[in-house]
Amino acid sequence: MSYQFFEHKADIGIKGIGKTIAKSFEETAKALFDLEVDIKKVKPQKKFSIMAEAQNYEELLIEFLNALLAESGIKEMVFSKFLVKISQDKRKDRLILKANAYGEKLNIKKHNIGVEVKAATYGELKVYQDKNKNWINQCIVDV
Amino acid sequence: MELNKLKKINENEWEIPKQNEMRVPGKIFASKKLIIDMDNKVYEQVSNVATLPGIQKFSLAMPDAHWGYGFPIGGVGAFDLNSGVISVGGVGFDGGCGVRMLRTNLFLDDVKPKIKEIIDKLFDIVPSGVGIRGKIMLSDREVNNVLKSGAKWAVEQGYGDKKDLKFIEDNGEIKNAEPKNVSELALKREKKQIGTLGSGNHYLEIQYVDEIFDKKAAKIFGLEENQIVISVHCGSRALGHQIGTDYLKTLAEASRKYNIPIRERELVCAPINSDEGQRYFSAVCCALNYAYANRQIITNLIRDGFEKIFRNPKIETLYEISHNSVKIEEHFLNNGNGNKKTNLLVHRKGATRAFGPNHKDIPQAYKTIGQPVIIGGSMGTESYLLHGTDYAMKNSFGSSCHGAGRAMSRMQAKRQENSQVLLQQLMKKGIYVKTRSISGLLEEKPEAYKNVSEVVQSTHDSGIAFKVARVKPIGNIKG
């Protein structure tokens, strides 16, 4: 559906809204990379697979975003499109996230670089459904 | 922050009385005005840190304190080595981030006419901005050496000279670093980032000495009016970010395992003596060494740049401080033990060491006056050089503030004007700024920060560090 940014004194908050939990995570991932570059200028040319797991949605969000940051750094890629699937493991005590991230090699001249994100943090971390049953998730990122 | 929640100790020190689960009181160093402007989150976070096991004397906040992750930015906490804990929140996601100040034999008249030339040259040779790579590709073995030996490794490789090492905290090489406790992922993210500035509030700035407050100290630090100095603010890059991320998870599990009650998620910690605590400590020391090496290599690049533009420039390290660190240090506790020194684990999150005169860990050349304390302003405003004091040793675990602290959120800062206008405004003020990130430029504009002079004055008045000189920028590379 959409992503937003919200105020924080020193850093910045990112927020994703979606019809499903997975869609809302995809939106937050877009917000994350929109801080680093102008994602409208990033072509979703190349696909990368990301995995994350955690005990709850909140921690899963942080694991997911930090896995994306690591992958982006190592491969020198920036991403603009995401496909997320979330399931429970067999014993039903952990959440498993599998995602495809699509993007291209970081190009300083082309991508309008913004600010490098150091980490997604537990600050203001929330995952919930609003009264219209939309999923919303958010956290502060350290820049 | 509401004044009535605090007990006034004096004009520049305010106590948060011990209450509920707090093990020690909190203490904030700041003028009344800075306290009133300070966000309430600082009160909450100082109080939260005060509940952690093994904390000694008081949980502290410096005059530039604002809302952080677990610890406030500008937070200091010292812990007993046996009963205490170590926390990721007390260091943050950029362990070893700090500032190096270089002293030159050049003066304003020499550099001002060539400012565009030298900044453009440095912009070309000092990599900066999102995702940027340096020229140095470290082999696995070399990475280990960097993490173990820091700036000493860099000097051994020919980046700079041995004399630089004497003027870096820990002589540029902190012990206790154990590379095997740094994850594969962190090492992978390091690739070719050594010798790069990074982004956000990191910068390289050419400044001149605008005013001297303490002639004797300035002479000892080798400074006179209109002399050119260079400041470099950067940290441990993605390696340090990943160490923070990795150990936040490890210590979250450790907090549950050792039953440590945590008031805020980012405050997760482990007993210093536990396996998890020791692993984190040795990993964060690796980040500190990486940051020391990073600034050493950048220093070398700066020297190369200046040599291309100026005749026989002499560029020496005045001093280098870390403002995100956790270190074992000797302090007086005066808890009925007379004047015996005790080893403590001191966390400084956005706070600078301010060791007083004759401390064993400061350079011989500065012994009589105390450690240089480098306080960076924001892009386009003045910065300050101060020195540490005995009062700091007794009252703030030898700590002081680290910068101006933000006054405006990044979103607010971006909304108000466009970046070209800002560049022109800075140019009119005589500051030539160059950056790869136009949107990032607005986020770092001068008005987005508290008035650094107020923060420094309050630091000075409180006695935890004394003003030596003020420097003003003429050229800036914003990361």
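Only the coordinates and a few stated rules stand behind these numbers; no lab work does. Just so you know, these numbers come straight off a predicted model, no measurement behind them. Cβ sites come from the backbone with ideal geometry, for glycine too, and all protein chains shown count toward neighbours.
Take the residue pairs A:LYS47/A:LYS98; A:LYS30/A:LYS118; B:LYS166/B:LYS327; B:LYS7/B:LYS467; A:LYS9/B:LYS8 and return only those whose Cα atoms are more than 22 Å apart.
Checking Cα-Cα distances, B:LYS7/B:LYS467; A:LYS9/B:LYS8 exceed 22 Å.
Stokes-Einstein diffusion coefficient for the protein assembly as shown at 10 °C in a medium of 1.306 mPa s, Rh from the Kirkwood formula over Cα pairs: what value in µm²/s?
65 µm²/s
Got the relative contact order for chain A handy, in percent, Cα pairs under 8 Å and 6 or more residues apart? Mind dumping the intermediate values first?
Values: 330 pairs, mean separation 44.5, N = 143.
Relative contact order, chain A: 31 percent.
Mind pulling the angle between the C-alpha long axis of helix B:237-257 and the longest principal axis of chain B? Nearest 10 degrees, somewhere in 0 to 90.
Approximately 10 degrees, to the nearest ten.
Beta carbons within 10 angstrom, averaged per residue: use that to sort the peptides A:100-107, B:142-149, B:113-120, A:112-119, highest first. Don't jump to the answer; show the numbers that get you there.
Numbers: A:100-107: 19.0, B:142-149: 20.8, B:113-120: 16.4, A:112-119: 24.8.
Highest mean packing first, the order is A:112-119, B:142-149, A:100-107, B:113-120.
Using the crude model of +1 on Lys and Arg Cβ and -1 on Asp and Glu Cβ, and no other charge, please compute the dipole size for the range B:112-163 relative to its Cα centre, in debye to 20.
Around 200 debye, computed over the range B:112-163.
Determine the dipole magnitude for the protein assembly as shown: charges of +1 sit on the beta-carbon of Lys and Arg, -1 on that of Asp and Glu, nothing else is charged, the reference point is the Cα centre, and the result goes in debye to the nearest 20.
1060 debye
In degrees, nearest 10, range 0 to 90: what is the angle between the Cα axis of helix B:40-49 and the longest Cα principal axis of chain B?
Around 60 degrees separate the two axes.
Full-extension gain between B:ARG415 and B:GLU21, please, as 0.36 nm times their residue separation minus the C-alpha to C-alpha distance.
Fully extending the segment from B:ARG415 to B:GLU21 adds 137.7 nm.
Inside 10 Å of the C-beta atoms of A:67-78, what's the mean count of C-beta atoms belonging to other chains? Walk me through the intermediate numbers first.
On the way: counts 2, 0, 5, 10, 3, 4, 13, 6, 1, 5, 1, 2.
The per-residue average across the peptide is 4.
In the range B:3-478, what percentage of the DSSP-assigned beta bridges are antiparallel, given to the nearest 5? List each step's numbers first, then the result.
On the way: 71 of 80 bridges.
So the antiparallel bridges amount to about 90 percent of the total.
Bins of 20 Å, beginning at zero and ending with the bin holding the largest distance: percent of Cα pairs per bin for chain B, please.
26, 61, 13, 0
Would you list which aspartates and glutamates come within 19 Å of A:LYS110, measuring only between C-alpha atoms, while excluding same-chain residues fewer than 8 positions from it?
Straight-line reach from A:LYS110, under 19 Å: A:ASP34, A:GLU36, A:ASP38, A:GLU76, B:ASP124.
Can you give me the Kirkwood hydrodynamic radius for the range A:2-142, using every pair of distinct Cα atoms, in Å to one decimal?
The answer is 15.0 Å.
Here is the link list: B:LYS121/B:LYS429; B:LYS135/B:LYS428; A:LYS109/B:LYS191; A:LYS43/B:LYS188; B:LYS27/B:LYS257. Which ones come out longer than 23 Å on Cα distance?
Values: B:LYS121/B:LYS429 21 Å; B:LYS135/B:LYS428 35 Å; A:LYS109/B:LYS191 21 Å; A:LYS43/B:LYS188 25 Å; B:LYS27/B:LYS257 30 Å.
Pairs exceeding 23 Å: B:LYS135/B:LYS428; A:LYS43/B:LYS188; B:LYS27/B:LYS257.
Need one number: the % of Cα-Cα pairs in the range B:370-475 sitting beyond the 18 Å mark.
Distances greater than 18 Å cover 52 percent of the Cα pairs.
Helix B:452-462 versus the longest principal axis of chain B: what is the Cα-based angle in degrees, 0 to 90, to the nearest 10?
50 degrees
Taking only the alpha carbons of the range B:370-422, what extent do you get along each of the three principal axes, in Å, biggest first?
For the range B:370-422, the Cα extents along the three principal axes come out at 46, 18, 8 Å.
Using DSSP to call loops (not H, G, I, E or B), can you name the GluC sites (Glu not before Pro) in the range B:144-249 whose Cβ has at most 14 other Cβ atoms within 10 angstrom? Could the numbers behind the result be given before it?
Details: sites: B:GLU156, B:GLU169, B:GLU173, B:GLU184, B:GLU190, B:GLU205, B:GLU211, B:GLU224, B:GLU225; in loops: B:GLU173, B:GLU224, B:GLU225.
When the GluC sites (Glu not before Pro) of the range B:144-249 are filtered for loop state and at most 14 Cβ neighbours within 10 Å, B:GLU224, B:GLU225 remain.
A:ILE21: net charge of surrounding residues, Cβ under 12 Å, Lys/Arg +1, Asp/Glu -1, itself excluded?
Spelling it out: positives minus negatives among the neighbours equals +1.
Between B:ASN343 and B:THR368, what is the label-point separation in nm under the 7 Å Cα-to-beta-carbon projection?
Roughly 3.3 nm, to one decimal.
Quick one: net charge of B:ALA407's neighbours, Cβ under 9 Å, K/R +1, D/E -1?
Spelling it out: positives minus negatives among the neighbours equals +1.
Just checking the output field for B:402-408: average partner chain Cβ neighbours within 10 Å of each residue's Cβ?
1
Summing +1 for each Lys or Arg and -1 for each Asp or Glu, what net charge is found among the other residues whose Cβ lies under 14 Å from the Cβ of B:ASN145?
-2
On a 27 Å Cα-Cα criterion, which of the cross-link pairs B:LYS152/B:LYS360; A:LYS75/B:LYS152; A:LYS126/B:LYS175; B:LYS152/B:LYS445; B:LYS308/B:LYS414; B:LYS367/B:LYS394 come out too long?
In this structure, A:LYS75/B:LYS152; A:LYS126/B:LYS175; B:LYS152/B:LYS445; B:LYS308/B:LYS414 lie more than 27 Å apart at Cα.
Under 8 Å for C-alpha pairs, at least 6 residues apart: give me the relative contact order for chain B, rounded to a whole percent.
22 percent
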